[in-house]
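Everything below concerns the one structure shown next.
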Amino acid sequence: RVFLPLLLFMNIYTADLETSVSPRLIVFALASLLIVFLLSMIIVPRLELENRKRGVLVQAFCRSNFIIFGIPVATTLYGPESAAVASILVGAIVPFINTVAVITLEYFRGSKPSLSKIVRGVVGNPIILGAAAALLMVQTGLRLPSVIDAFFQEMALIATPLALIILGGSVTFTTVKSNRKQLVGGILSRLVLVPSLGLLAATLLGFRNAELVILMALFSSPAAVSSYTMALQMEGDGDLAGQLFVFTTVFSIITIFLWVYLLMLLNLI
């Protein structure tokens with residue numbers, strides 16, 4: 001609620017938006033996530049009988065830890081400018097993916113999705129507020145005082161390592177026997193199937209280098225840690241959501257490396 005929004009704020013605030021903004025990248029990312037969502041809503045109910053698990057599985061397929069994983073990967077491989085592009089993409093994706101998550105869990109809970117609840121969740125999201133504040137300052141030409149600018153830059157550096165420490169501290173192994181089938185399907189879909197289809201489409205459409213790395217991070221990142229909290233709040237299967245987060249996070253250490261290696265081997269990045 002503090003450091004990640006601040007990181008996005010500084011990435012956008014210090015970026016050259018004329019060269020960073022890529023409408024084509026944003027449109028492709030949103031369209032891809034929409035397709036994944038629609039396919040999940042068709043396929044998952046045919047394979048899973050329990051509604052509480054259906055909503056969690058659909059959310060896991062569509063919702064990744066892109067904020068925590070995507071920006072560090074982009075920065076490591078292509079420097080601060082790619083981090084700015086990733087941050088702007090986050091500003092577009094977060095409202096969409098939050099809306100999709102709420103609709104999914106409400107639908108499988110048997111409730112009619114509440115428009116007011118969705119709007120409140122999106123508008124009040126700290127990450128959205130951070131991105132919006134940065135865009136407003138850039139567009140209006142307002143600048144932070146040098147002291148505050150330096151302070152914010154130092155604080156923004158805390159976001160990624162702190163988030164990873166918290167992720168590591170929240171990993172707990174609970175009983176997984178009853179969810180073995182769902183876990184195998186969720187892990188393979190989140191870390192292999194979705195990135196395979198997404199990256200194939202991206203390369204065919206001509207995305208390369210920094211943009212392709214950002215899309216790779218979007219598609220191949222593990223299930224979002226916030227999906228566990230939302231599942232608990234909206235009567236989904238919290239145990240399954242937590243297990244999907246844990247196991248996709250663990251296995252993503254291997255799969256993200258392999259995706260980066262494959263793209264480099266093919267001279268696409």
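The values are calculated or read from the model by the stated rules, or taken from the named source; none is laboratory data. These figures come from a predicted structure and were not determined experimentally. We place every Cβ from the backbone using ideal geometry, glycine too, and count neighbours over all the protein chains shown. To get the accessible areas, we keep the full protein, side chains included, count just its heavy atoms, and leave off ligands, DNA and RNA. Shrake-Rupley method; radii C 1.70, N 1.55, O 1.52, S 1.80 Å.
Of note:
- Of the residues making up the range 251-263, at least one is touching a residue at least 24 places away in the same chain (Cβ under 8 Å) and either among the small types (Gly, Ala, Ser) or open to solvent by 50 Å² or more (accessible area, probe 1.4 Å) (or both).
- Leading residue by the ranking (surrounded by the fewest Cβ atoms within 10 Å (Cβ to Cβ)) among those in the range 72-81 that are of a type in the set (Ser, Thr, Tyr) and either free of Cβ contacts under 8 Å to residues at least 12 places away in the same chain or not in a helix (DSSP H, G or I) (or both): Thr76
- Some residue of the range 89-107 being over 30 Å from Val260 (Cα atoms), among the charged types (D, E, K, R) and surrounded by fewer than 17 Cβ atoms within 10 Å (Cβ to Cβ): no
- The single residue among Phe37, Phe69 that is open to solvent by 20 Å² or more (accessible area, probe 1.4 Å) and closer than 21 Å to Glu211 by Cβ turns out to be Phe69.
- Count - residues of the range 121-144 that are outside any helix (DSSP H, G or I) and more than 25 Å from Thr229 (Cβ to Cβ): 4
- Every listed requirement among (1) in contact with a helix residue (DSSP H, G or I) (Cβ under 9 Å, 6 or more places away or on another chain); (2) open to solvent by 30 Å² or more (accessible area, probe 1.4 Å) is met by Leu49 save one, (1).
- Cβ separations smaller than 9 Å between residues 6+ apart or across chains give the following pairs from the range 82-111 residues that are over 18 Å from Val225 (Cα atoms) to residues that are surrounded by fewer than 19 Cβ atoms within 10 Å (Cβ to Cβ) and of a type in the set (Lys, Arg): Glu106/Lys112; Glu106/Lys117.
- Among the conditions (1) open to solvent by 50 Å² or more (accessible area, probe 1.4 Å); (2) at pLDDT below 90, the only one that Leu205 does not satisfy is (2).
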